[in-house]
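The values are calculated or read from the model by the stated rules, or taken from the named source; none is laboratory data. Just so it is clear, the model here is predicted, and its values are computed rather than measured. For neighbour counting, all protein chains shown are included, and Cβ atoms are generated from backbone atoms with ideal geometry for every residue, glycine included.
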Amino acid sequence: MLVLLFALGLVIGFSRLVLGVHSIDQLIFGGTLGIWAACTCHFVFRQRLLDHANVLVRDTADYFENRRSLLFASVIQVTAACLAIYFIQIVIF
């Protein structure tokens with residue numbers, strides 16, 4: 001699955017270059033930003049998402065009691081990550 005997603009990213013980038021929509025430096029920047037975002041999500045959110053999935057699978061009754069706090073924490077974390085990426089893009093440009 002990871003190989004297919006990586007290949008899809010390369011094909012889309014190549015098609016954007018061939019069509020003349022982006023230059024090579026824009027493709028390199030976009031690819032670098034995508035790899036950075038993927039690594040950040042993997043290393044920052046992976047364990048929390050796995051813990052959340054384990055709660056869903058094993059402790060269904062306890063999950064429904066605590067779901068509001070887990071959902072709120074998840075929304076806050078994802079929102080913070082999106083805002084961080086957005087502000088980094090603003091700083092770079």
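For PHE14, the stated conditions do not hold, so it cannot be described as hydrophobic (A, V, I, L, M, F, W, C), modelled with pLDDT under 85 and surrounded by 10 or more Cβ atoms within 10 Å (Cβ to Cβ). When the criteria are applied in full, LEU56 meets the requirement of being of a type in the set (A, V, I, L, M), at pLDDT below 80, over 30 Å from VAL91 (Cβ atoms) and in contact with a helix residue (DSSP H, G or I) (Cβ under 7 Å, 6 or more places away or on another chain).
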